[in-house]
Every structure is written in C-alpha cells, then in structure tokens.
2 protein chains.
Amino acid sequence: MKIIEVDEELYQYIASQTKSIGESASDILRRLLNLPVSGVNLTAVDLTQSTMNSTNEEKGTQLPAEKNVVAETPKPSSEQEIKTPARKQSTQSIQHIVTKVKNLLQSEAFQEESKMVVRFLNILSVLYRTNPESFAQATEQETSQGRTRTYYARDEATLLAAGNHTKPRQIPDTPYWVITNTNSGRKMLMLERTMQFMELPEELIDEVRPYFAVV
Amino acid sequence: MKIIEVDEELYQYIASQTKSIGESASDILRRLLNLPVSGVNLTAVDLTQSTMNSTNEEKGTQLPAEKNVVAETPKPSSEQEIKTPARKQSTQSIQHIVTKVKNLLQSEAFQEESKMVVRFLNILSVLYRTNPESFAQATEQETSQGRTRTYYARDEATLLAAGNHTKPRQIPDTPYWVITNTNSGRKMLMLERTMQFMELPEELIDEVRPYFAVV
DNA sequence: GAAGGGATCGCCGGGATTTTTC
DNA sequence: CCGAAAAATCCCGGCGATCCCT
C-alpha cells in the first residue's frame, strides 16, 4: 500500500462517494476513475453501471451514502466547509453525472453504435435520469430553442407544432421528447448546451464530441 | 492535508497521469475527477499536450513533451477498454459446431437441395442443436430484429404479430421458429449474424455464403 | 392465412447537404 | 448583399412484403 496526501476538501469528497460500508479509498477511487477493480480486492459490489438500454436502473436519485469510512484516519473536529453557492449544483451531484456519462461512453454498446441518433438519445437519457431537475431547467432555456423549432418537450405534439419535419423521438426511459431531424453538428450543439447548463465540465463535453464528429 | 492509502497499482496510475512537473496528488486527482481546482494552488507549469491517455482526438500538433516526472512507471494498461468477455465459448465447443456445420454443407442432401429455405432451416437446426444456449442468446440480440419484424422466436405467434407476411417456419428438431419471407441475401445475413454471435469463424461463414449467393 | 419460394420494388429512417431565414 | 445559423429537403442504404414465377 502506498500513501498519498490529498487536501481536506478532496478527502471529504472522496469519502462522500462511499457506496458500501467499509470501502477502502482505493475502491472508491477506482470506481470514480473507471478503473477495473483490482484483482484481489473485491470487497464491494459495484453499484454503478452504464445503461445502454436497460430500464431497470435507478431513476435519478442516489442513495444517501454513508460518509467517511475511508482509511483509518480519524476525522478532525474542524468540520468541512464545502460551500454551496446559491443555485449551483453540488460538486458531488455533478460528479455523479460525470461518472454516469463516462460509463455510457465507455460501454461497448455505445461504442459499437453506428447511429448518431441513438447515441444522442442515450446521452440525453443519462443526463435526465441522473438529474431530472437540472435537465428540466436546461430544457427551458432559450438555448433549447431554435429560430422556429423547439428542441425539447414533454410531449410529441409540442415539437411537431413548432416545425415542419422535426422527427421527434422520446428520450428513452424519460418523459421528454427531442427533435431529431438535424445534422450531427447540431446534435452535438444541443448536447453541449444542455451539458453546459447542467454545469458539467468542458472536459467531459470534449469527450463526447468525437462521437458526433463528421469523419 | 489528509493522508489516504491506495494500492500500488492505483498509485502508479495516478502518478502516470501527471501533466505538469511538481503536481501534487490532489492536483492530479482533481483533474481526473473533474473537480474544480482548489483555492490558489496554481504552482505548476503546464506542459500538457501529448496527453497520451485521452481517447479523444488531439487537434493540432504534438510537442514531443517530456513525460511524467513523478514516479517512474509508465501507465498501466488501465486504458479505458472494458470488453465483454462475459460469454466466452470454449474453443472446444466451437470446434464441435464447426465440424457439424461442415458435415451438413458436405452432405449430399444439402448440396442437392434446390430451395434456399430448406438450406436455411437446416443450418439453423444444426446451430441450435449443437449449442442451444448460445443460439438462444444470439436470438435475443437486436441483430435478430429488423425494423419491424422479429426474426426468431419460440412460437409462431410472436413472429406473426411482428410483421405482415413473414411466413414463419419451425426450425426442424428445435423449439424455435424463424421468419422465412425474405430474399436470399437476407437469409444469409441472418445466418451470418447468428453465427458471428456464436463466435464461429468467419471462414466457416464464408463457406456457407456461396449457397445463398444470387447466381 | 393457406401453394410455395424468393427476387424485386417501394417505403422508411438517418443524417449530410441544401435551402431558407435573419 | 453577404455570412452565419437554423430548418428541412432529399439521397442513400437497409428492410419489408408484394407479387411474379415455378
């Protein structure tokens, strides 16, 4: 075992990501970093998993995980001061989405998929399911509108009414619909704007981008 | 600063992700986890480029930058890869099917046969009978579905329900049914996909192909 | 739904390309 | 009038099932 030093806030963050009682720091980090579970260390069951099409996935919410179990180090009395700037999402909830999206990108099904629409819908599905409220808000921004078209809605009719041939599709496992008759560039643009509104890191957006690039 | 313990391999991985000389563990982890940079800690010079780990495209040129200074080890094969070795058939069982299929192809009856459907059904029959589980799984893939039709099922009704004139037929000596109202090209395609899923060698598939070729 | 087989042709979905709008 | 951004036409490839031939 190796020892590394991390700052207080980061330590708290890692501890907060504990999913199973007794998980070690390595277990948590491996999960967060999408690394394979190391050989001999199968202590905890992996609760994460991407969903390419399965519906039996936790819908949005997150078990309030046990906090601080990492290592043996006792927690100092000086409490954490993770600030929650108004109307900002918690770093934690964002990280959760990031992980889910990465899992999706990694999944065999996603990689093999040849149709942009399917990829598009799958990503939106993960975004919605990991944070419905944030997604809903993103949907209402004017960046989710075109000149005449409406990009997202809770029903097909709304989309059909706002354009001539938008080819709306329901986002899988979601009450939302999206328009679909767009080129790949616009699909990516729509994803980008939505993800930006949801405060996901640019870096993640950049990981998505290649999948919609015109080759 | 807090201390946490991580296993050797994970430590090496983290170290290998160093992008700037002198980066601390916290810096690296924050970057990998997409967390905001903490406070006022912009100590290190940014060398980036030559990311060597990002799977994303690299635009622009590539400085032959110095790599990792922290820790000596190159990064482990932890590249995000995640295949699905889940269902791996034994080489042996595959070989068994190969033999059986070859026998069929060789048989007088098969060679003489003038109807594609019969050939089609016979091959499927052998596939099923030599490895029912694998065949069953193949059957459930979405490659066993058309836009509206369902290609295989355990009963006639399912197939009838999913198309207009599919002409289902029971696969001889088998609990399975297939649709039959397709041209030869599609019959071959169905065989090909099924055989591929069953991990039969391309070579064998190529031996089958001529029997469904449009002459 | 009853003759059966399967090639041919028409439809549909995907999305790059073109057209329209501002 | 030009350029950018958005809309939607339309081509291509894949699939379904009609319908011709045996």
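The values are calculated or read from the model by the stated rules, or taken from the named source; none is laboratory data. These figures come from a predicted structure and were not determined experimentally. No Cβ is skipped: glycine too gets one built from the backbone with ideal geometry, and neighbour counts run over all protein chains shown.
Computed quantities for the displayed model
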{"item": "Hits in the stretch B:116-150 - residues which are within 15 Å of DNA strand C (Cβ to nearest atom) and either of a type outside the set (S, T, N, Q) or outside the structural domain of B:Ile171 (by TED's automatic domain parsing) (or both)", "result": "B:Met116, B:Val117, B:Val118, B:Arg119, B:Phe120, B:Leu121, B:Ile123, B:Leu124, B:Glu142, B:Gly146, B:Arg147, B:Arg149"}
{"item": "Flag if B:Arg129 is more than 15 Å from DNA strand D (Cβ to nearest atom), away from every other protein chain (no Cβ under 14 Å), under 17 Å from B:Val98 (Cβ atoms) and over 20 Å from the mean Cα position of the chain (by Cα)", "result": "yes"}
{"item": "Which listed residue is of a type in the set (Asp, Glu), within 28 Å of A:Glu113 (Cβ to Cβ) and assigned to a helix (DSSP H, G or I), from B:Glu192, B:Glu207", "result": "B:Glu192"}
{"item": "Residues satisfying the stated conditions in the stretch B:160-183, i.e. away from DNA strand D (no atom under 12 Å from the Cβ) and not β-branched (Val, Ile, Thr)", "result": "B:Arg169, B:Gln170, B:Pro172, B:Asp173, B:Pro175, B:Tyr176, B:Trp177"}
{"item": "A:Glu113 being among the acidic types (Asp, Glu), more than 14 Å from chain B (Cβ to nearest Cβ) and within 16 Å of DNA strand C (Cβ to nearest atom)", "result": "no"}
{"item": "Options B:Thr139, B:Thr143; residue that is surrounded by 14 or more Cβ atoms within 10 Å (Cβ to Cβ), part of a helix (DSSP H, G or I) and at pLDDT below 95", "result": "B:Thr143"}
{"item": "Test: A:Val117 is surrounded by 16 or more Cβ atoms within 10 Å (Cβ to Cβ) and within 14 Å of DNA strand D (Cβ to nearest atom)", "result": "yes"}
